[in-house]
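The values are calculated or read from the model by the stated rules, or taken from the named source; none is laboratory data. As the structure is a computational prediction, the values presented were derived from the model and not from experiment. All Cβ positions, glycine included, derive from the backbone under ideal geometry; neighbour counts span all protein chains shown.
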């Protein structure tokens, strides 16, 4: 099993982390990553998720970061691909 990325220790803003998280769960691809990430976190509101990606502040940042770790942990290892820089 591949260990999930430690999103709690990642010093980057949540918006940057979410963008990488989306691509990570979408086989490293940007196309369609928004929906994959949003579904994995169970966020129904498109407007809320867009706001998070645009850097809107949230009191739930730590909860979201924990959810990102858990979502990665639940994905089959073959589906998790970090985007290439």
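Listed by first and then second residue, the pairs linking a residue in the range 1-22 that is farther than 22 Å from residue 54 by Cβ to a residue that is at pLDDT below 95 and outside any helix (DSSP H, G or I), with Cβ atoms under 7 Å apart and 6 or more places separating them unless they lie on different chains, are 2/80. Listed here are the helices (runs of 4 or more DSSP H) enclosed by the range 7-85 that have at least 3 residues being modelled with pLDDT under 95 and either touching a strand residue (DSSP E or B) at 6+ places or on another chain (Cβ under 6 Å) or surrounded by 12 or more Cβ atoms within 10 Å (Cβ to Cβ) (or both): 14-25, 33-41, 61-74.
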